[in-house]
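This is the structure I have questions about; it appears just below.
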Amino acid sequence: MHGGAGSRAMTSPQAACLCAALQVGYHLLDRGSSALVAVEQTIRALEGSGLFNAGTGAHLQLDGARRMDASIMEGESLRAGAVVSIEGVVHPISAARRVMEDTDHVLLVGPMATKFARHFKMERQSFTGKPRRFSYETALRKIAQNREKHGTVGAVALDRAGTVAAGASTGGIDRMLPGRVGDTPIIGCGVYADNETGAVSMTGLGEGIMRLALAKEICDRVGQGKTPATAARLVLQKLVARIHGAAGCLVLTSQGRFTIRHSTSHMMAGYWAGRGNPVVNDTFR
């Protein structure tokens with residue numbers, strides 16, 4: 001699982017939250033739950049903490065609103081669900097799973113995604129942002145400033161049936177225009193899962209991740225015989241060389257091989273297979 005990649009170092013409360021969330025996910029798997037459930041519940045722990053750029057800790061857009069994106073995918077039947085610019089809910093990842101399981105769609109957006117979550121009585125955020133006076137002239141100056149402090153939370157998991165799943169949830173990037181959408185809810189960009197290749201969850205600056213469809217490309221390279229570590233390294237190198245992008249990724253195959261890699265200075269992440277203590281760090285390069 002990861003808590004975002006960028007220029008920020010991990011704090012002690014964030015490290016403790018990552019450890020606790022890893023244990024939530026692993027214990028579900030150990031009791032026979034699906035990878036999909038483990039991914040959802042692991043991400044919910046981060047969304048509800050307020051410590052990461054997701055859920056109750058999500059960034060505000062420049063008009064003062066908190067709009068969030070999330071997606072989830074499982075690798076057996078390639079089912080996927082996502083929400084874009086959803087507001088007022090604690091757990092966008094659960095709304096994404098509802099889209100996957102309760103509709104024939106993959107992606108719901110904006111006010112209709114929020115109404116969809118309300119229909120299922122999902123837990124509401126007590127604070128969703130305060131309206132601000134907004135002009136594009138001022139906003140465009142702000143987004144030209146430093147945007148290094150981005151982040152997304154995500155997880156990948158493998159269950160006893162050999163199925164992999166991936167998910168991600170985000171509040172976007174610092175200083176984003178209202179309505180901006182990054183890679184997180186775009187299947188093949190922010191997440192991808194296929195039992196034949198693996199599961200990937202991305203984090204970083206979404207504009208670059210989208211332009212190269214990184215999650216799917218990593219899976220494709222694993223399918224061509226590359227190890228997870230090699231596939232991730234080559235794709236991140238391509239991101240930096242071609243468009244000077246910045247990202248990190250989790251990669252996990254149905255055989256249990258995995259890697260955590262990033263091209264940013266930090267990536268809050270960790271893993272656990274039930275032995276010893278969870279491993280949590282912010283430099284997995």
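How would you classify the range 1-105 from its alpha-carbon gyration tensor, with a ≥ b ≥ c the square roots of the eigenvalues: rounded for a/c under 1.5, else prolate if a/b is greater than b/c, otherwise oblate? Walk me through the numbers on the way to the answer.
Values: a/c = 2.22, a/b = 1.11, b/c = 1.99.
In terms of gyration-tensor shape, oblate.
Out of residues 5 or more away from MET176 or on other chains, whose amide H comes under 5 Å of its own, with H placed 1.01 Å from N in the peptide plane?
Under 5 Å from the amide H of MET176 lie the amide H atoms of LEU62, each far enough along the sequence or on another chain.
Contour minus end-to-end for ASN277 and ALA161, with contour as 0.36 nm per residue of separation and end-to-end as the Cα-Cα distance?
So the extension gain works out to 39.3 nm.
Which cross-chain or sequence-distant (5 or more) residues have an amide H under 5 Å from the amide H of THR152, H modelled 1.01 Å from N in plane?
It is GLY4, ALA5, GLY204, by chain and number.
Looking at the square roots a ≥ b ≥ c of the eigenvalues of the Cα gyration tensor of the range 234-285, which shape do they give, rounded for a/c under 1.5, prolate if a/b is larger than b/c, or oblate?
On the way: a/c = 4.49, a/b = 1.74, b/c = 2.58.
The shape class here is oblate.
Local charge sum around VAL37 (other residues, Cβ-Cβ under 13 Å, Lys/Arg +1, Asp/Glu -1)?
Details: positive: ARG31, ARG44, ARG97, ARG160; negative: ASP30, GLU40, GLU74, GLU101, ASP159.
Here the count lands on -1.
What order do GLU217, GLU196, GLU76, GLU87 take when sorted by accessible area (1.4 Å probe), most exposed first?
Putting GLU217, GLU196, GLU76, GLU87 in descending order of accessible area: GLU196, GLU76, GLU87, GLU217.
In whole Hz and in residue order, list the ³J(HN,Hα) couplings for the range 79-91 that follow from phi through the Karplus curve 6.51 cos²θ - 1.76 cosθ + 1.60, θ = phi - 60°; x for Gly and Pro.
For the range 79-91, the Karplus-derived couplings read 6, 8, x, 8, 10, 10, 6, 7, 10, x, 10, 7, 10 Hz, x marking Gly and Pro.
Heads up, I need the accessible area for HIS266: 1.4 angstrom probe, whole protein in place, Å², nearest 10.
That residue has around 40 Å² of solvent-accessible surface.
Averaged per residue, what accessible surface does the range 210-280 expose to a 1.4 Å probe, in Å²?
Dividing the accessible area of the range 210-280 by its residue count gives 46 Å².
Quick one: with all protein chains in place, what share of the accessible area of the chain is carbon or sulfur, to the nearest percent (1.4 Å probe)? Mind showing how you got there, number by number?
On the way: 5950 of 12050 Å².
Carbon and sulfur atoms account for 49 percent of the accessible area of the chain.
Here is a further query. Cα gyration tensor of the range 197-285, axes a ≥ b ≥ c as square roots of the eigenvalues: rounded (a/c below 1.5), prolate (a/b > b/c) or oblate?
oblate
Counting only residues 5 or more places away or on other chains, whose amide H sits under 5 Å from the amide H of PHE52 once H atoms are built in the peptide plane?
For PHE52, whose amide H was placed from the backbone, the distant partners under 5 Å are GLY57.
Let me ask another. Write down the Kirkwood hydrodynamic radius of the chain, to one decimal in angstroms, obtained as one divided by the mean of 1/r over all alpha carbon pairs.
About 18.2 Å, per the Kirkwood formula over Cα pairs.
Still on this model: Would you calculate a helix-derived [θ] at 222 nm for the chain, using -39,500 (n - 2.57) for each DSSP H run of n ≥ 4 and dividing by the full residue count, to the nearest 500?
Helices in the chain give a 222 nm mean residue ellipticity of -10000 deg cm²/dmol.
Separate question: Accessible surface of SER126 in the full protein assembly, 1.4 angstrom probe, to the nearest 10 Å²?
Accessible area of SER126: about 130 Å².
The values are calculated or read from the model by the stated rules, or taken from the named source; none is laboratory data. This one's a predicted model, so the numbers in the text were calculated from it and none came from an experiment. Note that we place each Cβ from the backbone using ideal geometry, even for glycine, and neighbour counts take in every protein chain shown. To get the accessible areas, we keep the full protein, side chains included, count just its heavy atoms, and leave off ligands, DNA and RNA. Shrake-Rupley method; radii C 1.70, N 1.55, O 1.52, S 1.80 Å.
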